[in-house]
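Below: the structure, in structure tokens.
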Amino acid sequence: MTTAVTLEATAEKIDEHRPGLARTNAVRLAALLIAMVLLGAVTVLSIAVGARAISPGTIWEALWSYDVNNIEHLAIRELRIPRTVVGLIVGPALGLCGALIQALTRNPLADPGILGVNAGASFAVTAAVGILGLTAPLAYVWFALLGAAAVTVLVYILGSIGGRRATPAKLVLAGVAIGAVLGGLTSAIVLFDEFTFNQMRFWGVGAIGGRNLDTVLSFAPLILIGTLIALAVARPLNAFALGDELAASLGVKIGRIRVAVIIAVTLLAGTATALAGPIGFVGLMVPHAVRWFVGPDQRWILVFTMIVSPILLLSADIVGRIILPSGEMRVGLVTAIIGAPVLILLARRKSMSGL
């Protein structure tokens, strides 16, 4: 009880020292409600908007009076709804990954892509498809989890060499190096095997379409477990902003929290990558923007990130559907086009949103 009270007081002091744009909980709650309404609107748009124009009346009929022989009903029920559900599941997973990694490393520019976690999951999936011949997502998801876990641990170990703790700069360098190596190996497997190339060419750029609803819902428990772990460590992560020594003096079990974060990142990043491919920049942009608005309290950051991330992902997917005549610009390409300039701007800012 004493530790919980101490951590609560610590979070309040950190919040007072580096307040966000929203200075009170009332403002934050109002903004959270607005974000939830916006998420609902984007969800509706994701079902309604596509390369093929479908009237609202037909969409309503597809939801409540489904006719399997109606091609428009089929498009809604078998394509757009599963695609939207993937966005609603993968979006929070990617955002929470970024928020957890940024809090753990005290690096506001960290995300699963920059630290090589997505590359690890992608390499493991590609190896499972190319070497073992696994093509079902439910079969290779375990390889994605293993790859994400291995790279997360390896990057943290390499980032800790030469000092008592991992520094943000060393973690980024280690992640970029490992990601480059694994990216090259992934490309080699894909290019040297036609079967793997055909299986992975669309998945490799990141896409939330092409999954049936049963497969999507089978992935949901893994992401739910990762989300619950992330929310459970939100309060102790506030103390990490003070440094390991001060966090330990406040009663935080540093080792346990790090292990919990690694498990959560593994479940979230690995499952999201297996389901939708390596989608970058969501885990970087959303937590960073949320921290600028709500302040450094990880509890608010994680909750807002869970809502804002699917808004960004579904919006990017909607743009990808209508920006080309074929409606098939993958969401991973859209987030990369948006994310790369944002990353440059964040890196050039003299004072980034602190941790």
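If you go through region 216-242, how many residues are of a type in the set (Phe, Trp, Tyr) and within 10 Å of Ala264 (Cα to Cα)? Let's see the steps before the verdict.
Residues of region 216-242 of a type in the set (Phe, Trp, Tyr): 219, 240.
Then drop every residue that is not within 10 Å of Ala264 (Cα to Cα), which leaves none.
Final tally of qualifying residues: 0.
Condition check: within 28 Å of Arg83 (Cα to Cα) and modelled with pLDDT of 85 or more. Does Ala264 satisfy that? Show your work before the answer.
Details: within 28 Å of Arg83 (Cα to Cα): yes; modelled with pLDDT of 85 or more: yes.
Against the criterion (within 28 Å of Arg83 (Cα to Cα) and modelled with pLDDT of 85 or more), Ala264 qualifies.
Please list, ordered by residue number, the helices (runs of 4 or more DSSP H) wholly in region 224-286 having 1 or more residues that are of a type in the set (Val, Ile, Thr). Reasoning before the result, please.
Details: elements: 234-240, 244-249, 254-276.
The helices (runs of 4 or more DSSP H) meeting that bar are 254-276.
Here is a list of conditions, (1) on the phi > 0 side of the Ramachandran plot; (2) buried (at least 21 other Cβ atoms within 10 Å of the Cβ), and Val90 meets all of them except one; can you say which number that is?
(1)
Being at pLDDT below 85 and closer than 22 Å to Asn212 by Cα is true for just one of Ile322, Ile279, Ile338, Ile344. Which residue is that?
On the way: Ile279 fails: at pLDDT below 85; Ile338 fails: closer than 22 Å to Asn212 by Cα; Ile344 fails: closer than 22 Å to Asn212 by Cα.
Just a single option satisfies the conditions, and that option is Ile322.
Here are Gly206, Gly210: which of them is modelled with pLDDT under 85, surrounded by 19 or more Cβ atoms within 10 Å (Cβ to Cβ) and at positive phi? First the steps, then the outcome.
Values: Gly210 fails: surrounded by 19 or more Cβ atoms within 10 Å (Cβ to Cβ).
Just one listed residue meets the conditions, Gly206.
For the structure I just gave you, tell me whether Tyr156 is within 17 Å of Ile263 (Cβ to Cβ), assigned to a helix (DSSP H, G or I) and at pLDDT below 90.
Answer is yes for this residue.
The values are calculated or read from the model by the stated rules, or taken from the named source; none is laboratory data. Owing to the predicted nature of the structure, the values given are computational and were not obtained by experimental measurement. Here Cβ is always computed from backbone atoms with ideal geometry, including for glycine, and neighbour counts include all displayed protein chains.
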